[in-house]
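Values in this text are rule-based calculations from the coordinates and carry no lab data. Treat the numbers as computed from the prediction; the structure is a model and nothing was measured. Quick reminder, even Gly has a Cβ in these numbers, built from the backbone with ideal geometry, and neighbours come from all protein chains shown.
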Amino acid sequence: MSAINLAIVGVGKIVRDQHLPSIAANGDFKLVATASRHGTVDGIPAYTSIEAMLEAEPSIDAVSLCMPPQYRYEAAYKALVAGKHVFLEKPPGATLSEVADLQELADKQGASLFASWHSRYAAAVEAAKSFLASTTMKNMHVIWKEDVRHWHPNQEWIWQAGGLGVFDPGINALSIVTHILPKPMFLTAATLEFPENRDAPVAADLYFRNADHVPVHAEFDWLQTGKQSWDIIAETEAGRMELNEGGSKLSVNGELKFSAPEAEYPALYRRFAEIIKAGTSDVDLAPLRHVADAFMLGKRKVVDAFYD
Ligand code: NAP
């Protein structure tokens with residue numbers, strides 16, 4: 001199979017940090033165009049809208065949609081109608097229903113739709129899944145606390161409705177948890193803290209359980225300065241499992257079991273090529289469903305205004 005001609009829509013932070021190097025290192029893809037109102041990539045034909053790009057570049061086979069989630073559906077719809085395979089950055093959309101609609105359209109068009117969850121490809125995630133499958137879990141504690149001013153400076157969309165606020169990183173934790181848990185969990189109670197001047201939460205406290213009443217407690221906080229925490233801790237019959245540093249390190253009873261350098265986006269592009277070649281899609285909405293449940297079930301607490 002010749003290289004898949006790929007276009008990127010929404011050239012911003014994550015495209016420069018992760019997509020461009022991962023695409024350049026993957027022989028299955030050739031970057032042939034971009035569509036972005038301001039962003040461009042040196043040496044690559046650039047358009048300011050997806051419509052203009054699809055019209056001018058009929059050789060495009062696939063598009064990666066990397067704009068904020070509130071604006072992703074329209075672009076995905078246009079790409080799928082044009083018969084292109086579609087890679088959705090996380091979260092895959094602003095609502096569950098719009099992604100379900102895209103799933104149906106992709107099936108109808110015979111195109112591959114990839115709802116990517118980069119944290120699921122963190123180095124030690126599969127090892128954690130195997131460990132939990134080999135024992136009985138008693139409880140899980142998820143601590144995802146980071147400094148929004150450091151990681152998302154002046155990103156207005158993230159504080160607007162549909163931008164998810166602290167769930168923008170928190171959904172990464174949920175994408176790991178939903179992948180490694182042997183049984184599905186569901187939310188039983190939540191508190192979401194909204195700054196008085198914002199439409200998205202800055203902190204969330206979430207209580208889940210599964211059918212066996214095993215509790216999972218998740219704490220998301222966006223005002224953590226100093227040490228940043230991206231940890232998942234499970235007490236099990238085989239001891240205490242810690243999945244640290246966003247899923248890149250696994251230890252059991254304090255002993256390091258698995259660790260490897262970060263390579264999430266190269267793995268995402270390998271997966272995208274794999275589903276295109278197989279003629280399938282990969283869309284798991286469980287992490288987004290939990291976020292929707294939190295907005296539906298959670299108590300709302302108004303807290304101090306947030307300024308960048
Ligand atoms: P970003 O840099 O703020 O936005 C990406 C690009 O989208 C912008 O440069 C902009 O390009 C375009 N855009 C912004 N607002 C738009 C609008 N109203 N309509 C259409 N296009 C718009 O954001 P990012 O950090 O790259 O994040 C993009 C997505 O990747 C998010 O869903 C995020 O959750 C996910 N992600 C981000 C990170 C990270 O560390 N930043 C990590 C993993 C995943 P133009 O102005 O040129 O159109």
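Can you find, among Ala100, Gly226, Tyr47, the residue sitting farthest towards the positive end of the charge dipole of the chain, where Lys and Arg contribute +1 and Asp and Glu -1 at Cβ?
Value computed over the given set: Ala100.
Ile4's amide H: which non-local residues (gap 5+, or another chain) put their own amide H closer than 5 Å, with H modeled 1.01 Å from N in plane and none for Pro or chain starts?
Those qualifying (amide H under 5 Å, at least 5 residues apart or on another chain) are Phe29, Lys30.
Find how much the distance from Asn154 to Ala278 grows on full extension, using 0.36 nm per residue of separation minus their present alpha carbon separation; answer in nm with one decimal.
Roughly 40.6 nm would be gained on extension.
HN-Hα J couplings of the stretch 275-283 from phi, Karplus 6.51/-1.76/1.60, θ = phi - 60°, integer Hz, Gly and Pro as x?
Going residue by residue, I get 6, 5, 5, 7, x, 10, 10, 9, 9 Hz, with x marking Gly and Pro.
Give me Trp157, Trp151, Trp230 sorted ascending by neighbouring Cβ count inside 10 Å, so fewest comes first.
Trp151, Trp157, Trp230
With 27 Å as the cut-off, how large is the P(r) tail for the chain, expressed as percent of Cα-Cα pairs?
On the way: 20751 of 47278 pairs.
Beyond 27 Å sits 44 percent of the P(r) for the chain.
If you average the sequence gap of Cα pairs under 8 Å that are 6 or more apart and divide by the length of the chain, what percent do you get for the contact order? Please list the in-between numbers first.
Working: 664 pairs, mean separation 59.8, N = 308.
RCO, the chain: 19 percent.
Shape of the stretch 98-243 from its Cα gyration tensor (a ≥ b ≥ c, root eigenvalues): rounded if a/c is under 1.5, otherwise prolate when a/b > b/c, or oblate?
oblate
At 222 nm, what value in deg cm²/dmol follows for the chain if DSSP H runs of at least 4 each add -39500 (n - 2.57) and the sum is divided by all its residues, to the nearest 500?
-8500 deg cm²/dmol
In a solvent-free Debye calculation with one equal scatterer on each Cα, what is log10 I(q)/I(0) for the stretch 4-115 at q = 0.19 Å⁻¹, listed in the order of the q values?
Cα-only, vacuum Debye calculation for the stretch 4-115: -0.93.
Applying a 10 Å radius around every beta-carbon, put 109-122, 249-262, 165-178 in order of their mean neighbour count, most first.
165-178, 109-122, 249-262
Nearest 20 debye, what's the magnitude of the dipole of the chain about its Cα centre given +1 on Lys and Arg Cβ and -1 on Asp and Glu Cβ?
340
Whose amide H sits under 5 Å from the amide H of Asn139, counting only residues 5 or more places off or on another chain, with H placed in the peptide plane?
Correct list: Glu235.
What distance in nm separates the two pseudo spin-label positions at Ile44 and Ala100, each 7 Å out from Cα along the beta-carbon direction?
Roughly 3.4 nm, to one decimal.
Taking 8 Å as the Cα distance limit and 6 or more residues as the minimum spacing, I'd like the relative contact order of the stretch 4-115 as a percentage.
On the way: 207 pairs, mean separation 26.2, N = 112.
After rounding, I find 23 percent.
Magnitude of the Cβ-charge dipole of the stretch 4-115, K/R +1 and D/E -1, about the Cα centre, nearest 20 debye?
240
Counting only DSSP beta bridges with both residues in the chain, tell me the antiparallel percent, nearest 5.
Working: 37 of 68 bridges.
Here the share of antiparallel DSSP bridges comes out near 55 percent.
Amide H neighbours of His85 under 5 Å, counting only residues 5+ apart in sequence or on other chains, H built in-plane at 1.01 Å?
The list, which skips near neighbours in sequence, is Ala62, Val63, Ser112.
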